[in-house]
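Shown next, in structure tokens, is the structure this report addresses.
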Amino acid sequence: MTGPGSESPTPREVPAYTTRVPAPRRTRYVVAVFVLNENGRLHSQLERMRPVSGAADVVVADGGSTDGSVEPDAIGRYEVRGVLVKTGPGRLGAQMRMAFDWALREGYEGVIAMDGNDKDDPAAIPDFVAALEDGADHVQGSRFIEGGQAIRTPLDRLLAVRLIHAPLISLAARFRYTDTTNGFRGYSRRFLEDTRVAPFRDVFSGYEFHYYLAVRAARLGFDVREIPVTRAYPASGKTPTRISPVRGRIAVLRSLWRACRGAYDPPPSTADPTVSAGALTGGERG
């Protein structure tokens, strides 16, 4: 899977960011909570994370919030090791590269990615840690396998993931994923540092990063697993999302198709071209 020379000697393309990390590393794994003006939803989620705070450190990876939700006075009461604030360009993909870069530099053996909009049940965090400890490299949280729960999922989103998103990524990856729009995931250090993955590239600005990592992990033969999680949408009020109804969804479909076609794969000079995602048909998993 990986071997000598698998770690990239080239500089990482990571957006500029600032850190406020007053506490030392306590665990082998870190939960990166991705936020942008989540306000009360973030604080509610961090409160719910208290019971599992011993399983992994927690860092808030902020995209440049202006609502005051990540200021020291607002966040200091929670079990959070620190806050990273992206000051450079990019959206979620850039935030993720920021968090991964920081986590690897801090010596963590894996990163658990989690949205900060209070939809995901933090009770699954120890299960992600257990999977990574057991040797998993890409751990996908799923509402749709035994033990998982999809609560109040909007019908259009349910149909999109079940009929379009998951089937396309599964076909490209040669691995049956069931919940590919769920951002609750875990990644090992060896996966993130492999030059055939090369995740630290500026081409990853938005949601395409999630799609690429899911396809690439399976196609390269990394240990890919799904574990059950619970994702609950609010009973009332606006649905927490950054995807606009028309333009946003068109952009998601475009990125999805490009990821499935291998458009984001590293150039042959830095990766093994025989295991490129490539087209949606032909070939075997690497």
Summing -39500 (n - 2.57) over the DSSP H runs of n ≥ 4 in the chain and dividing by its residue number, what mean residue ellipticity at 222 nm do you reach, to the nearest 500 deg cm²/dmol? -8000 deg cm²/dmol
Principal axis box of the chain, alpha-carbon based, largest edge first, Å: 53, 44, 35
Take the Cα of Ser44, step 7 Å along the line toward its Cβ, and report every residue of region 108-142 whose backbone nitrogen sits under 14 Å from that point. 116-122
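Kindly rank 19-30, 134-145 from highest to lowest mean number of other beta carbons found within 10 Å of each residue.
On the way: 19-30: 14.8, 134-145: 21.6.
Peptide ranking by packing, descending: 134-145, 19-30.
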Please sort 64-75, 211-222 by packing, taking for each peptide the average over its residues of neighbouring beta carbons within 10 angstrom, highest first. 211-222, 64-75
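How much length would be gained if the chain were fully extended between Thr87 and Ala74, taking 0.36 nm per residue of separation minus their Cα-Cα distance, in nm to one decimal? Walk me through the numbers before you get to the answer.
On the way: separation 13, 0.36 × 13 = 4.68 nm, distance 1.98 nm.
Full extension of this stretch gives 2.7 nm more.
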The extension gain from Thr27 to Arg105, computed as 0.36 nm times the residue separation minus the Cα-Cα distance, is 26.7 nm
Between Arg261 and Ala123, what is the label-to-label distance in nm when each label sits 7 Å out along the Cα-to-Cβ direction? 4.3
Length-normalised contact order of the chain, Cα under 8 Å, at least 6 apart, in percent, tallies to 22
Within region 133-177, backbone nitrogen closer than 14 Å to the virtual label 7 Å beyond the Cα of Ala232 toward Cβ: 149-153
Cα→Cβ-extended label distance, 7 Å offset, between Leu171 and Asp134, nm: 3.1
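The numbers here are math on the coordinates, done by the rules we state, and not lab data. All figures in this text were calculated on a predicted structure; none of them were measured in a lab. Note that we place each Cβ from the backbone using ideal geometry, even for glycine, and neighbour counts take in every protein chain shown.
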